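To start, the structure under review is shown below, and the notes come after it.
The values are calculated or read from the model by the stated rules, or taken from the named source; none is laboratory data. A quick note: this is a predicted structure, and the numbers were derived from the prediction, not measured. For neighbour counting, all protein chains shown are included, and Cβ atoms are generated from backbone atoms with ideal geometry for every residue, glycine included. Remember, those area values only see protein heavy atoms, side chains included, never the ligands or the DNA or RNA. Shrake-Rupley method; radii C 1.70, N 1.55, O 1.52, S 1.80 Å.
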Amino acid sequence: MIESAPVPADGRILYFSRDHAAFGFLSHFHPSPITLDNDHWVTVEHFYQAQKSDHPDYRAAIRAAETPGLAKRLAAQPMAPGRSAQQSWFRKNSVMPRPDWHDVKLEIMRRADLAKFSQNPDLAALLLATGDAELIEDSPSEPFWGTGPDGQGFNWAGRVIMEVRDQLRRTEDSTGFPNGSADFRASYN
């Protein structure tokens, strides 16, 4: 069992930067294998990025990505500004991501985060140990998933993980471990 760190005095966990050393396990880049839809992924980020297309070559490229950062770069929108699209698999292969991506990405991340914490009991225990702390992805470059350059971003990454934390609390069984039943885990595979 991994030992949990104390929640910062301000009741906020800024896990991208300020509190990364103690709470980096909350990141989608954290090595935490998951199985969803009968496929195995080394990180939530790999799974999430793979959902942008069902093209088998695309999925294979994401699965083979050595790091979650590379998976993210491969999954960049083909017309993204600046350097972000330079490694885009979509751009290199003249293929577009699924057209409903912006409509489904939150639900995909919810499934992935729930799988991460329900399939990795040590991480679930660490998440539950955060109590009622506000979880914040304080990424200055990500205004949707994080807080963005002005600190006013949507923080959907943190919000989704707090939703998962609440769900884990509701499903704790008598052993004290979240999602102890095989039936619960099976519903996310």
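Details
- Using the Cβ of Ala85 as centre and a radius below 11 Å, the other residues enclosed give a net charge of +4, where K and R count +1 and D and E count -1.
- Measuring r between the beta carbons of Asp10 and Arg83 and using R0 = 41 Å, the FRET efficiency lands at 0.75.
- 3J(HN,Hα) from dihedral phi, the stretch 54-69, Karplus parametrisation 6.51/-1.76/1.60, rounded to Hz, x for glycine, proline: 9, 4, x, 5, 5, 4, 5, 5, 5, 4, 7, 4, 5, 9, x, x
- Per-residue Karplus couplings for the stretch 17-25, computed as 6.51 cos²θ - 1.76 cosθ + 1.60 with θ equal to phi - 60°, are listed in order as 10, 3, 10, 4, 4, 8, 10, x, 4 Hz, Gly and Pro entered as x.
- Cross-link reach is defined here as a Cα-Cα straight distance under 26 Å, omitting same-chain residues fewer than 8 places apart; for Lys92 the lysines meeting it are Lys52, Lys72, Lys105.
- Around the amide H of Leu135, modelled in the peptide plane, lie the amide H atoms of Ile13, all under 5 Å away and 5 or more residues distant in sequence or on another chain.
- Other-chain or far-sequence residues with amide H under 5 Å of Leu36's (modelled H): Trp41
- Three-way shape label, the chain, alpha-carbon gyration tensor, a/c 1.5: oblate
- Relative contact order of the stretch 97-173, defined on C-alpha pairs under 8 angstrom at six or more residues apart (%): 23 percent
- Sparse-neighbourhood loop sites, GluC sites (Glu not before Pro) in the stretch 43-122 - DSSP loop, at most 12 other Cβ within 10 angstrom: Glu66
- Surface composition of the chain: carbon and sulfur atoms hold 53% of the protein heavy-atom accessible area at a 1.4 Å probe.
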